[in-house]
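Enquirer: Would you mind keeping the following structure in view while I ask a few things?
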Protein chains: 2
Amino acid sequence: MIDTENQPTAEGIFTERHTAYRFTTESVTDTELAHLYELAKFTPTAMNSQPLRITFVRTEAGKQRLLPLLSEGNRAKAESAPVVAILAADTDFHEHLPELLPQSPNARDGLAADTDRRAQMALNNAWLQSGAFIMAVRAVGLDAGPMGGINAAGIDAEFFAGTSLKTILVVNIGHVADNGSFPRNPRLSFGDAVSLA
Amino acid sequence: MIDTENQPTAEGIFTERHTAYRFTTESVTDTELAHLYELAKFTPTAMNSQPLRITFVRTEAGKQRLLPLLSEGNRAKAESAPVVAILAADTDFHEHLPELLPQSPNARDGLAADTDRRAQMALNNAWLQSGAFIMAVRAVGLDAGPMGGINAAGIDAEFFAGTSLKTILVVNIGHVADNGSFPRNPRLSFGDAVSLA
């Protein structure tokens, strides 16, 4: 488990850690991945739907299947990461609703009949979970490098053929190397991003 | 600023706080909203695009415009919250890229020509930012109550007519009341949500 003495603060996971592009050779343990999921799973979702599915790629064979499906500029980043997480939305998440939302016994059947609404719910909520997942990676003391430059259809075909999973994002995970982050780019000011009513 | 002695831990914002349905009358200060944005703004996004736009509704007049546009079951929740945040995606986020992504001087023009890709990028990344936003609310010591049951098109018409903003989610913000949360619903197990490759 985490060293509570050196546990990151809630504020620090926003302000102190940022996107990592190169990682040290230090491995990520099974215990760390389990701990990461134990935090990320609590992210709130509509109807407690939890559509996010995570594939932790960490074998050499797994890496060789994934690397060609990343944009060229992203391959060296993923190669240096001890774990590369494929984040996907399960468009058949409704099958779990009897267990996840026991107070609404008709929720599964309602969504079974509406594939468009279900697919949209799956994608929206999996993206929402992805944002909190990145913060959970940092909360367990690891660094994250999310990458949008991917061949999502290719990853679906290689890893999720015959399933209801749709890849949305790939996140490198490990311990950032010296100079393994770029300086942060500017952020929108409060006045540019926020209104009051 | 935050009381560092009682600052939430990174782990605690996942495990200890959860969705709030009823709030105390304690107000949320300008300083807290500014602090919240100072954390949330650091969420990583594709091309540093930062499409999320936030409208903090906290006047009585603002509440009266918003409440009829929430599903009936959500109105009392929002009424009890000192601040209700409308989260929206700005589909014209590309106009800020010369400032936000100075190393890619052609990024704005490339996206200007591709409205479909831009709208999708705006929505995906705003949803991702929303997940981290909920965690940022908790990181500043407040409680969050995200609500999917909204009339998004109605909110767009009432608050964002003539703009490029598309509402995606509404989040109640304040201090949770006694018994203002329901017990947590079950979460998927590691084995149900995670695969290894």
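Enquirer: Six or more apart or on different chains, Cβ atoms under 7 Å: show the pairs whose first residue is in the range A:1-17 and within 9 Å of another protein chain (Cβ to nearest Cβ) and whose second is assigned to a loop (DSSP other than H, G, I, E, B) and at pLDDT below 65.
Expert: Sorted first by the residue in the range A:1-17, then by its partner, the pairs are A:Glu11/B:Ile2.
Enquirer: Ok, one more. Contact list please: Cβ distance under 8 Å, first residue in the range B:28-41 and under 18 Å from B:Val176 (Cα atoms), second residue of a type in the set (Lys, Arg), pairs at least six apart or on different chains.
Expert: Pairs that qualify, where the first residue is under 18 Å from B:Val176 (Cα atoms) and the partner is of a type in the set (Lys, Arg), are B:Val28/B:Arg58.
Enquirer: Would you confirm whether any residue within the range B:65-72 is within 11 Å of chain A (Cβ to nearest Cβ), touching a helix residue (DSSP H, G or I) at 6+ places or on another chain (Cβ under 9 Å) and either farther than 18 Å from B:Ser130 by Cα or not small (Gly, Ala, Ser) (or both)?
Expert: Scanning the range B:65-72 turns up at least one residue that is within 11 Å of chain A (Cβ to nearest Cβ), touching a helix residue (DSSP H, G or I) at 6+ places or on another chain (Cβ under 9 Å) and either farther than 18 Å from B:Ser130 by Cα or not small (Gly, Ala, Ser) (or both).
Enquirer: Based on this model, can you work out whether B:Ser130 counts as surrounded by 14 or more Cβ atoms within 10 Å (Cβ to Cβ), in contact with a Phe, Trp or Tyr (Cβ under 9 Å, 6 or more places away or on another chain) and away from chain A (no Cβ under 13 Å)? Give the steps one after another, and end with the answer.
Expert: Values: surrounded by 14 or more Cβ atoms within 10 Å (Cβ to Cβ): yes; in contact with a Phe, Trp or Tyr (Cβ under 9 Å, 6 or more places away or on another chain): yes; away from chain A (no Cβ under 13 Å): no.
In short, no.
Enquirer: Name the residue that is nearest to the other protein chains (Cβ to nearest Cβ), counting only residues in the range A:18-27 that are within 20 Å of A:Phe56 (Cβ to Cβ) and surrounded by 13 or more Cβ atoms within 10 Å (Cβ to Cβ).
Expert: Restricting attention to the range A:18-27, the residues satisfying the condition of being within 20 Å of A:Phe56 (Cβ to Cβ) are A:19-27.
Among the residues that remain, those that are also surrounded by 13 or more Cβ atoms within 10 Å (Cβ to Cβ) are: A:19-24.
Details: A:Thr19: 5, A:Ala20: 10, A:Tyr21: 12, A:Arg22: 16, A:Phe23: 16, A:Thr24: 20 Å.
So the residue we want is A:Thr19.
Enquirer: Which ones in the range B:140-197 are over 29 Å from A:Val170 (Cα atoms), among the aliphatic types (A, V, I, L, M) and buried (at least 18 other Cβ atoms within 10 Å of the Cβ)?
Expert: Selection gives B:Leu142, B:Ile150, B:Ile155, B:Ile173, B:Val176.
Enquirer: With (1) without any contact (Cβ under 8 Å) to a residue 60 or more places away in the chain; (2) in contact with a strand residue (DSSP E or B) (Cβ under 7 Å, 6 or more places away or on another chain) as the list, and A:Gln129 as the residue in question, which single condition is left unmet?
Expert: If we test A:Gln129 against (1) without any contact (Cβ under 8 Å) to a residue 60 or more places away in the chain; (2) in contact with a strand residue (DSSP E or B) (Cβ under 7 Å, 6 or more places away or on another chain), just (1) comes out false.
Enquirer: Still on this structure, I have one more. Look through B:Leu87, B:Leu101 and report the one residue that is closer than 17 Å to B:Glu158 by Cβ and either surrounded by fewer than 19 Cβ atoms within 10 Å (Cβ to Cβ) or touching a helix residue (DSSP H, G or I) at 6+ places or on another chain (Cβ under 9 Å) (or both).
Expert: When all the criteria are applied, what remains is B:Leu87.
Enquirer: Return the residues of the range B:162-197 that are at the interface with another protein chain (Cβ under 10 Å from one of its Cβ atoms), over 17 Å from A:Asn125 (Cα atoms) and within 16 Å of the chain's Cα centre (by Cα); say none if nothing qualifies.
Expert: Matches in the range B:162-197: B:Leu165 only.
Enquirer: Any residue at all in the range B:57-66 that's over 25 Å from B:Glu32 (Cα atoms) and in contact (Cβ under 8 Å) with a residue 40 or more places away in the chain?
Expert: no
Enquirer: Here's another thing I want to ask about it. Quick one: is A:Asn125 farther than 27 Å from A:Ala153 by Cβ, touching a Pro at 6+ places or on another chain (Cβ under 9 Å) and modelled with pLDDT of 95 or more? If you could, list the steps in order and put the result at the bottom.
Expert: On the way: farther than 27 Å from A:Ala153 by Cβ: no; touching a Pro at 6+ places or on another chain (Cβ under 9 Å): yes; modelled with pLDDT of 95 or more: yes.
So A:Asn125 does not fit the description; no.
Enquirer: Still on this model: On the given criteria, is B:Leu111 among the aliphatic types (A, V, I, L, M), more than 8 Å from every other protein chain (Cβ to nearest Cβ) and free of Cβ contacts under 8 Å to residues at least 40 places away in the same chain? Walk me through how you get there before you give the answer.
Expert: Details: among the aliphatic types (A, V, I, L, M): yes; more than 8 Å from every other protein chain (Cβ to nearest Cβ): yes; free of Cβ contacts under 8 Å to residues at least 40 places away in the same chain: yes.
Yes.
Enquirer: Among the residues of the range A:108-154, what is the count of those that are under 17 Å from the mean Cα position of the chain (by Cα) and over 21 Å from A:Leu67 (Cα atoms)?
Expert: Residues that pass the stated criteria total 20.
Enquirer: Another question, then. Can you name every residue in the range A:52-67 that is more than 16 Å from the chain's Cα centre (by Cα) and assigned to a loop (DSSP other than H, G, I, E, B)?
Expert: A:Thr59 - this is the single residue of the range A:52-67 that is more than 16 Å from the chain's Cα centre (by Cα) and assigned to a loop (DSSP other than H, G, I, E, B).
Enquirer: For the range A:133-154, what are the residues that are aliphatic (A, V, I, L, M), touching a residue at least 60 places away in the same chain (Cβ under 8 Å) and more than 11 Å from chain B (Cβ to nearest Cβ)?
Expert: Correct list: A:Leu142 only.
Enquirer: Tell me, which residue of the range A:52-62 that is surrounded by fewer than 21 Cβ atoms within 10 Å (Cβ to Cβ) and charged (D, E, K, R) is farthest from the other protein chains (Cβ to nearest Cβ)?
Expert: For the range A:52-62, the residue satisfying everything is A:Glu60.
Enquirer: State all residues of the range A:74-91 that are touching a Lys or Arg at 6+ places or on another chain (Cβ under 8 Å) and within 21 Å of A:Leu52 (Cα to Cα); if no residue qualifies, say none.
Expert: Within the range A:74-91, A:Ala78, A:Val83, A:Val84, A:Leu87, A:Ala88, A:Ala89, A:Asp90, A:Thr91 qualify.
Enquirer: Looking at the range A:28-51, is at least one residue within 12 Å of chain B (Cβ to nearest Cβ), surrounded by 21 or more Cβ atoms within 10 Å (Cβ to Cβ), in a loop (DSSP other than H, G, I, E, B) and in contact with a strand residue (DSSP E or B) (Cβ under 7 Å, 6 or more places away or on another chain)?
Expert: yes
The values are calculated or read from the model by the stated rules, or taken from the named source; none is laboratory data. Note that the structure is a prediction, hence the values are computed from the model and not measured. Neighbour counts run over all protein chains shown; Cβ positions are idealised from the backbone, glycine included.
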